[in-house]
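Accompanying notes for the structure given below.
Just so it is clear, none of the values below were taken in a lab; they were calculated from the coordinates. Just so we're clear, the structure is a prediction, and the values are computed from it rather than from any experiment. In this analysis, Cβ positions are derived from the backbone assuming ideal geometry, glycine residues included, and neighbour counts consider all displayed protein chains.
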Amino acid sequence: MTLFPEIFHSYMNESIMKKAVEKNIIEVNIYNIRDFSTNKHKKVDDYPFGGGAGMVMTPQPIYDTYKYIIETHNIKNPRVVYLTPKGKVHNQSIAQNFSQLDDVIFLCGHYEGIDQRIIDLIVTDEISIGDYVLTGGELPALILIDSISRLIPGVLGQNESFEEESFKDNLLEYPHYTRPREFMNLEVPSVLLSGNHKNIDKWRYKESIKITKERRPDLYKKACK
Ligand code: ADE
């Protein structure tokens, strides 16, 4: 549910997301909240009660969009994610949990926000993508859609597997190298050329530990548990 459907059409029409849709592994339906406004000028916002800066999205168009979605797609226990800096900060384990669900509805706010009654009535999850403020919920929703979709079996090819990547076991990923063996006087670590897979695994694990300890002591603590 968005006021800017084009942002989604554009992102979903490229690369891995496009293939996932073509392979019928995921389906993304985009609904323009403005289409559901009963106002003769298709208005979707109004001044805040109590005064103050900015506009607030009115409840009617959002509620009617929601009703239409759950009826059209026959969704029984809808999970409705509202993207907001006030929400729980997104992470890999949240993405994993959502990747198990059949349906997820994302609600993108704009202006100063949405009428609180919409949150009280239909929102089940409030999620933030980090401690900074954006102009709208579209980029955060796409970040969720992307991070969730890539965990669904079949979305990534064998060459793009998520078996070994950052945040697996709370570790950051080891460094990668490809051809050429030497670039600007910098050589590829020799263990990677050795063909000894036990040593390669050991080296990668050590590098993962090292970089996690340096950059993310918070994750490192969890990894040691
Ligand atoms: N909308 C505006 N800023 C946001 C953020 N950081 N996370 C999620 N939704 C937002």
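Odds and ends about this structure:
- Sorted by Cβ neighbour density within 10 Å, fewest at the top, the residues M55, M17, M184: M184, M55, M17
- Inter-label distance, nm, simple model (7 Å from Cα along the C-beta direction), K210/E163: 2.5
- Cross-link partners of K40 among aspartates and glutamates, defined as those whose alpha carbon lies under 19 angstrom from its own and excluding same-chain residues fewer than eight positions apart: D64.
- Within the straight-line cut-off of under 16 Å between alpha carbons, the lysines reachable from K210 are K168, K202, K221, K222, sequence neighbours fewer than 8 places apart in one chain being disregarded.
- Estimated distance in nm for a label pair at K202 and D103, the labels positioned 7 Å out from Cα along Cα-to-Cβ: 5.4
- Lys, Arg +1 and Asp, Glu -1 on Cβ, resulting dipole of the chain about Cα centre, debye, nearest 20: 680
- Cα-centred dipole magnitude for the stretch 70-127, charges only on beta-carbon of K, R (+1) and D, E (-1), debye, nearest 20: 160
- Residues whose placed amide H lies under 5 Å from that of D45, excluding near-sequence neighbours: T58
- Helical segments meeting 18 Å axial Cα length and Kyte-Doolittle -1.0 threshold in the chain (DSSP H): 59-72
- Label-to-label distance for D64 and D120 is 2.2 nm, based on points extended 7 Å past Cα in the beta-carbon direction.
- The lysines whose alpha-carbon is closer than 19 Å to the alpha-carbon of K67, local same-chain residues fewer than 8 away aside, are K42, K43, K76.
- Prolate/oblate/rounded label for the stretch 103-144 (Cα gyration tensor, a/c 1.5): oblate
- Between the stretch 1-56 and the stretch 148-198, the Cα center-to-center distance that results, in Å: 36
- Dipole check for the stretch 143-225: with +1 at the C-beta of Lys and Arg, -1 at the C-beta of Asp and Glu, and the Cα centre as origin, the magnitude is about 400 Debye.
- Förster radius 30 Å - calculated FRET efficiency between F4 and K225, Cβ distance, rounded to 0.05: 0.10
- Difference of contour (0.36 nm per residue) and Cα-Cα distance, S15 to N39: 4.8 nm
- Projecting the Cα atoms of S93, P153, P189 onto the charge dipole of the chain (Cβ charges, centred on the Cα centre) puts P189 farthest toward the positive pole.
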